[in-house]
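Asker: Supplied in structure tokens, the structure appears directly below.
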Number of protein chains: 2
Amino acid sequence: MSEEKLNIMRHSCAHIVAAAVKALYPKARFGVGPAVENGFYYDIDFSEPIGEADLAKIEEKAKELIVEDLPFAREEMEIDEAIKFFKKEKQDFKVELLKDLKEFGTTKMNSEEIPDVGGSSDKATIYRTGDFTDLCRGPHVSSSKEIGIFKLTKLAGAYWRGKSENPQLQRIYGVCFYTQEELDEYSRKLIEAEKRDHRKLGKELDLFHIDEVVGLGLPLWHPKGAILWRMIEDFWYKEHLKSGYSLVRTPHIGNKTLWETSGHWGFYSESMYPPMEVGQNLKERQNKDEVKESEEYLIKPMNCPFHIQIFKNHPHSYREFPLRWAECGTVYRFEKKGELSGLTRVRGFTQDDAHIICRSDQVEDELKRVVDFILFMFKSFGFAKDDINVYLSVRDSTSDKFVGAEDGWNFTEKVLEKVAAEKGLNFRKDVGGAAFYGPKLDFKIKDCLGREWQCSTLQFDFNMPQRFQMTFVNKDGKEEQPFMLHRALFGSFERFIGLLIEHYAGAFPLWVSPTQVKILPVSEKFNDYAEQIAEKLRNEDLRVEINETDESLGKKIRASEQEKVPYVLVIGEKEKTSGAVAVRKRKEGDMGALPLDDFLEKLKEEIKEKK
Amino acid sequence: MSEEKLNIMRHSCAHIVAAAVKALYPKARFGVGPAVENGFYYDIDFSEPIGEADLAKIEEKAKELIVEDLPFAREEMEIDEAIKFFKKEKQDFKVELLKDLKEFGTTKMNSEEIPDVGGSSDKATIYRTGDFTDLCRGPHVSSSKEIGIFKLTKLAGAYWRGKSENPQLQRIYGVCFYTQEELDEYSRKLIEAEKRDHRKLGKELDLFHIDEVVGLGLPLWHPKGAILWRMIEDFWYKEHLKSGYSLVRTPHIGNKTLWETSGHWGFYSESMYPPMEVGQNLKERQNKDEVKESEEYLIKPMNCPFHIQIFKNHPHSYREFPLRWAECGTVYRFEKKGELSGLTRVRGFTQDDAHIICRSDQVEDELKRVVDFILFMFKSFGFAKDDINVYLSVRDSTSDKFVGAEDGWNFTEKVLEKVAAEKGLNFRKDVGGAAFYGPKLDFKIKDCLGREWQCSTLQFDFNMPQRFQMTFVNKDGKEEQPFMLHRALFGSFERFIGLLIEHYAGAFPLWVSPTQVKILPVSEKFNDYAEQIAEKLRNEDLRVEINETDESLGKKIRASEQEKVPYVLVIGEKEKTSGAVAVRKRKEGDMGALPLDDFLEKLKEEIKEKK
């Protein structure tokens, strides 16, 4: 079935739920009720707030209405007539929407608001379902019987039109599918997703925590998480050096003027941490001569201006290009509290950033290299093509929000699409979705619930080279503006590791496992031999732990399984005598005894192959 | 000769220079003139400022006075008589010092001020040398003839008593030695130091720059500097893992309350960047509900509170100890502008930090391990024992500035000294030099001018475990406060790399060289073969560049020498036919032809041995 049909059914289900609410709570005033992923919601002002327990009653009533085979009747009304109608019904929120519609021709007041209810300054459309009438652009199913299987899932608070100065409504969430099987499948996925949730596994595997004392959205990485990070970072750096990148390294703070020049301070200061005002600070505290140095520093929300200042430190010739400068740079953005979530939405994150500065004749080749690099990275971490959605975002040529010369856009959009096609990317084209500074190619990872997470990105930038006056001397000895590409493979280390935790359900492949081998001596007598083996493996750069507690072997094995350690070695009299190790592999169980050297070779092979 | 005698001579030389100034500029008013490293200075208010060119005249006059064999005559004066005397002489600065002496019994108003001039509330000592009389505690040489060889080196500005609200004086700097040979040796060293200056080499070798647009003291690392850093960091991490450390990873900002708890905000806020006031910021810009999250964030001046919050995330048992948690954490301190210098004094620097948390019975062993680790690091970078000064800093038991229980101090001071002795460290003991929170062992690297730079440190901390209420459950099931050690091997990556640049004079050993091999095709015809060789070497993780310009071979070789590349390969017809490479080694020159595989083996061996 098409996504569109599904959404129509889900939105229709929202109407039915509203109708049920109206039947049960005649004083209820209705906000909006759109379809969302897997279902719908409806924002409602109950005169007395309801509780989670009331959802069952509403669900039952809605099911009765569905069985009644109620038609969805569309009707057009003069706008003033509609206002009068909803006033009589005491539906203030609908009246407010209609007044907006009358005045502005739309109910959408900003880009974050819920979709327009449709209609024009003259006319509005309404839908009647049984006793319930709603202001709505439609379309809907023709009868309630066409609504499949639904379930109300939770109750939450939501401000009317998302603004905290408005009254708070109650939001009823529901999921809705064609068949019971689909709903069951969804529930199974939910349970699986809960098991894989990186916040839950992060705690169980002792990888990280977010500390309210330190600050929201600022993860602290524990030993097992930090080594996982380091292994991934190490791989990242090595592959970048092999792929012809250079490294750069820049501070976390810089003078505010940098972001005034880039334009970010003007447009995005809301999502930046506020400035550190050094002068003001000094005035109170230090000698007057120091006050001369009155400056505002910002913690960086991106690395670009620093890389540009390195570029600008020397004049450049066309012969030096392409420059490929990479940095895992930690940046800070003051995301809203309500949007933070584990590692996938944080305030401090490490971009695996690189800037490619090149000539026009190098653009195509550079793009191909980046796309190959992105695909290689996904493959290295076991993501299949199906796990990734690719978006090509280009200009909407009717809009004036895009900066930079026409021919630059035409050229780069064309070459981006050509490369995406040649590389066999099954991309969707998003017209108008380009950044204001250039077209881009985004790679999003789907998690086990099908939610998309932006990871790799490849973006042209026509804005910064101009604002920072970046130039090089071309073949003809003239100054020219280079092409600049921003690109990230993971996007953010924090998010990517969060997704990896869920992708592997915490059972990381050997090469990045925080602990690769756990040695379990069957009794205290064999601790020394265990130490000898550990020493030998550690000298080969393996990460080894010994469980020397006096618990039973069974308990030790179960503990290692919970820690999801890839290999467990059981060490007793027989092993000590023969110089062997008894190997247990994660998920596969007992593999029998192996000479230590053979085991070591096996590990090295597996690490090399990143299995 | 003893340091003390040298200083007496140098200070006496300052008097003679002042006497020369008085003879040439009768209206000159004198500030203070102490001995400093290698010489002395004198702060003087000339009625009309003098220029660098005038120093020769002053130097000549002073030399005449030295030859005159003038005695240094000491005299005690009643304080009021002294005030009268210097008033008559129109020496206002001396009068000010005398008034302070009368009122406070000292002329030292704060810890940063120049040394006390001596004397008491009743009496002052003065020294007469020819026509020049100075307020001075002495001692001095008995006659000007005892002053060896001196040279005035530069003229600078200096505020009277270091305060910007006071008048600015001119400071005359001089160097002074017993013999001409010593002065010549000093000059030679100065020239050598200038050649090795990491700021100069940093520019020549394109390693880093400090950008006024970005901010003072915040280095930007260029590709060649960043790879040097990464190689050192990689080595650092691998050795830490081998030595039983775990890694942790923490953000660069955190809530101000962390440093209120630690006590740093109260005591050291002057040298911290000011807070980012998130709430205030939001009030102006965002929804009211977000304002609830009114908080102040600080960019971290140290990593400790974060590591402590990780510790506090779980309860701990004595069985888990020792914990060794390492992080290369970039911290930010707002050092005064005038104190900044290249990489050795910066505002943003990366501590190679670790915290060791352990029981009392583990302290001695942990200390030994750290000392061994420090010595291993120095050795790995070619520093000899003579390049390092070690200081053991303990309490002054008569002072009350030290926090923590008596027995903790006694125990740790004793064991620190024991370990330092057992490890054969030729340390100096600094009584009273301990941090207020615990005793410490510091390792300082001497540069080619003999200046000391604090690098490794090993410090006990009795303060933070108490303030953050860190505990573990001991063998008896009771809560106990653990021992906590701060330690750094390099101290700061920035400073250590700065010192390394000077230590190696930019000619880094192969294993950390930014470019390890430079390939020079004798003509364009051999570019392809050069690429093949580069590819092969890069696949072995070597850092290779090709000089494909059409310059002459001689010019290419000279360029590689200036870049201080360890190995240069010259590629022509003969090499291509035979599959060999013609090798030139840095400093050693032509080494003849080698089969490529043999050359590769040679490199690998050299990298392994860190030569």
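No lab work stands behind these numbers, since they all come straight from the coordinates. A quick note: this is a predicted structure, and the numbers were derived from the prediction, not measured. Reconstructed Cβ throughout: ideal geometry from the backbone, glycine too, with neighbour counts over all protein chains shown.
Asker: Using alpha carbons only, how many angstrom separate the centre of the range B:12-51 from the centre of the range A:534-603?
Answerer: 76
Asker: For A:D184 and B:K574, what does the FRET efficiency come to when R0 = 60 Å and r is the distance between their Cβ atoms, rounded to the nearest 0.05? Don't jump to the answer; show the numbers that get you there.
Answerer: Working: r = 75 Å, r/R0 = 1.25.
Step by step, r from the Cβ atoms, then E = 0.20.
Asker: Further, regarding this structure: With an 8 Å cut-off on Cα pairs and a minimum separation of 6 or more residues, tell me the relative contact order of the range A:517-609 in percent.
Answerer: Details: 128 pairs, mean separation 25.2, N = 93.
Computed over the range A:517-609, the figure is 27 percent.
Asker: Now a separate question. Counting other Cβ atoms within 10 Å of each Cβ, which GluC sites (Glu not before Pro) in the range A:144-237 have at most 10 and sit in a DSSP loop? Present the calculation step by step, with values, prior to reporting the outcome.
Answerer: On the way: sites: A:E146, A:E165, A:E181, A:E182, A:E185, A:E192, A:E194, A:E204, A:E212, A:E233; in loops: A:E165, A:E212.
Taking the range A:144-237 and a limit of 10 other Cβ atoms within 10 Å, the loop GluC sites (Glu not before Pro) found are A:E165, A:E212.
Asker: Can you give the calculated 222 nm mean residue ellipticity of chain B, where each DSSP H run of n ≥ 4 adds -39,500 (n - 2.57) and the sum is split over every residue, rounded to the nearest 500 deg cm²/dmol? Before the final figure, lay out each step's value.
Answerer: On the way: 20 runs with 227 residues, N = 611.
Dividing the helical sum by the residues of chain B leaves -11500 deg cm²/dmol.
Asker: Mind sorting B:H314, A:H252 by how few other Cβ atoms lie within 10 Å of their own Cβ, fewest first? If you can, show how the numbers build up before the last one.
Answerer: Numbers: B:H314 11, A:H252 25.
Fewest-to-most Cβ neighbours within 10 Å comes out as B:H314, A:H252.
Asker: I would also like to ask the following. With N set to the residue count of the protein assembly as shown, report its C-alpha Rg divided by 2.2 N^0.38 Å to two decimal places. List each step's numbers first, then the result.
Answerer: Values: Rg = 36.5 Å, N = 1222, 2.2 N^0.38 = 32.8 Å.
Compared with the compact-globule rule of thumb, the protein assembly as shown sits at 1.11.
Asker: Would you work out if chain A is rounded, prolate or oblate? Take a ≥ b ≥ c from the square roots of the eigenvalues of the alpha-carbon gyration tensor; rounded if a/c is under 1.5, else prolate when a/b is larger than b/c, oblate otherwise. Each step should come with its number before you reach the end.
Answerer: Details: a/c = 1.97, a/b = 1.25, b/c = 1.58.
Oblate is the answer for chain A, as a/c is 1.5 or above yet b/c matches or exceeds a/b.
Asker: Let me ask something else. Could you give the distance between the Cα centres of the range A:136-151 and the range B:484-526, to the whole Å?
Answerer: A separation of 69 Å, based on Cα centres.
Asker: Would you mind computing the Rg to Rh ratio of the range B:449-520 from its alpha-carbon coordinates, Kirkwood style for Rh?
Answerer: Working: Rg = 21.0 Å, Rh = 16.3 Å.
On the Cα set of the range B:449-520, Rg over Rh gives 1.29.
Asker: Output the relative contact order of chain A, whole-number percent, from Cα pairs under 8 angstrom with separation of 6+ residues. Mind showing how you got there, number by number?
Answerer: On the way: 1066 pairs, mean separation 59.3, N = 611.
Worked out over chain A, it gives 10 percent.
Asker: Let me ask something else about it. Most exposed first by the Cβ proxy, i.e. fewest other Cβ within 10 Å, how do A:C136, B:C448, B:C358 rank? Spell out each step's value before the answer.
Answerer: Numbers: A:C136 24, B:C448 16, B:C358 20.
Arranged by neighbour count, lowest to highest, A:C136, B:C448, B:C358 become B:C448, B:C358, A:C136.
Asker: Per-residue Cβ counts within 10 Å, from other chains only, averaged over B:217-230: what number is that? Mind dumping the intermediate values first?
Answerer: On the way: counts 1, 8, 3, 10, 8, 9, 10, 2, 4, 9, 6, 2, 2, 5.
Mean number of neighbouring Cβ atoms from other chains: 6.
Asker: What shape does the range A:89-184 have by the C-alpha gyration tensor, where a ≥ b ≥ c are the square roots of the eigenvalues, rounded means a/c under 1.5, and otherwise prolate means a/b greater than b/c and oblate the rest?
Answerer: Values: a/c = 2.16, a/b = 1.41, b/c = 1.52.
Note, shape of the range A:89-184 comes out oblate.
Asker: On to the next question. For the range B:531-606, run through the trypsin sites (Lys or Arg not before Pro) and keep only the ones in DSSP coil with at most 14 other Cβ atoms within 10 Å of their Cβ. If you can, show how the numbers build up before the last one.
Answerer: On the way: sites: B:K536, B:R538, B:R543, B:K555, B:K556, B:R558, B:K564, B:K574, B:K576, B:R584, B:K585, B:R586, B:K587, B:K602, B:K604; in loops: B:R543, B:K564, B:R586, B:K587.
Listed in order of number, the matching sites are B:K587.
Asker: Can you sort B:H503, A:H355 so the residue with the fewest Cβ neighbours within 10 Å comes first? Each step should come with its number before you reach the end.
Answerer: Numbers: B:H503 19, A:H355 23.
Exposure proxy ranking, most exposed first: B:H503, A:H355.
Asker: Compute the projected area of the convex hull of the Cα atoms of the range A:446-590, averaged over all viewing directions, and report it in nm² to one decimal place. Walk me through the numbers before you get to the answer.
Answerer: Numbers: hull surface 59.9 nm².
Spelled out: convex hull of the Cα atoms, projected over all directions, averaged, 15.0 nm².
Asker: Fully extended, how many nm does the chain gain between B:D528 and B:K587 (0.36 nm per residue separation, minus their Cα-Cα distance)?
Answerer: Values: separation 59, 0.36 × 59 = 21.24 nm, distance 2.80 nm.
Gain on stretching B:D528 to B:K587: 18.4 nm.
Asker: Any idea how far apart B:A193 and B:L553 come out in nm if each label point goes 7 Å out from Cα toward Cβ?
Answerer: 4.3
Asker: Tell me, what ³J(HN,Hα) does each residue in the range B:206-222 have, in order and in whole Hz, if you take phi through Karplus 6.51 cos²θ - 1.76 cosθ + 1.60 with θ = phi - 60° and put x for Gly and Pro?
Answerer: 6, 8, 6, 8, 10, 10, 4, 5, 6, x, 5, x, 10, x, 9, 8, 7
Asker: What spacing in nm lies between the two simple spin-label points modelled at A:R428 and B:N539, each 7 Å away from Cα in the Cβ direction?
Answerer: Roughly 4.2 nm, to one decimal.
Asker: State whether the range A:3-190 is rounded, prolate or oblate according to the following rule on the C-alpha gyration tensor (a ≥ b ≥ c being the square roots of its eigenvalues): a/c under 1.5 gives rounded; otherwise a/b larger than b/c gives prolate, and the remaining case gives oblate.
Answerer: Working: a/c = 1.56, a/b = 1.40, b/c = 1.12.
Prolate, because a/c is 1.5 or more and a/b exceeds b/c.
Asker: Please compute one quarter of the surface area of the Cα convex hull for the range B:517-609 and express it in square nanometres.
Answerer: Numbers: hull surface 21.9 nm².
Mean shadow area of the hull around the Cα atoms is 5.5 nm².
Asker: Beta carbons within 10 angstrom, averaged per residue: use that to sort the peptides A:167-177, A:298-308, highest first.
Answerer: On the way: A:167-177: 20.6, A:298-308: 24.0.
Taking the mean over residues of other Cβ atoms within 10 Å, the ranking is A:298-308, A:167-177.
Asker: Here is a follow-up. Label points 7 Å out from Cα along the Cβ direction at B:L24 and B:F46: separation in nm?
Answerer: 0.7
Asker: Right, another one. Count the DSSP beta bridges whose two residues both fall in the protein assembly as shown, then state the antiparallel fraction as a percent rounded to the nearest 5.
Answerer: Working: 170 of 202 bridges.
Rounded to the nearest five, the antiparallel share is 85 percent.
Asker: Which trypsin sites (Lys or Arg not before Pro) does the range B:10-86 hold that lie in a coil by DSSP with at most 12 other beta carbons within 10 Å?
Answerer: Details: sites: B:R10, B:K22, B:K27, B:R29, B:K57, B:K61, B:K63, B:R74, B:K84; in loops: B:K27.
Sparse-neighbourhood loop trypsin sites (Lys or Arg not before Pro): B:K27.
Asker: Under 19 Å from a point placed 7 Å out from the Cα of B:S2 along the Cα-to-Cβ direction: which residues of the range B:23-60 have their backbone N that close?
Answerer: Taking a point 7 Å out along Cα→Cβ of B:S2, the residues of the range B:23-60 whose backbone N falls under 19 Å are B:35-39.
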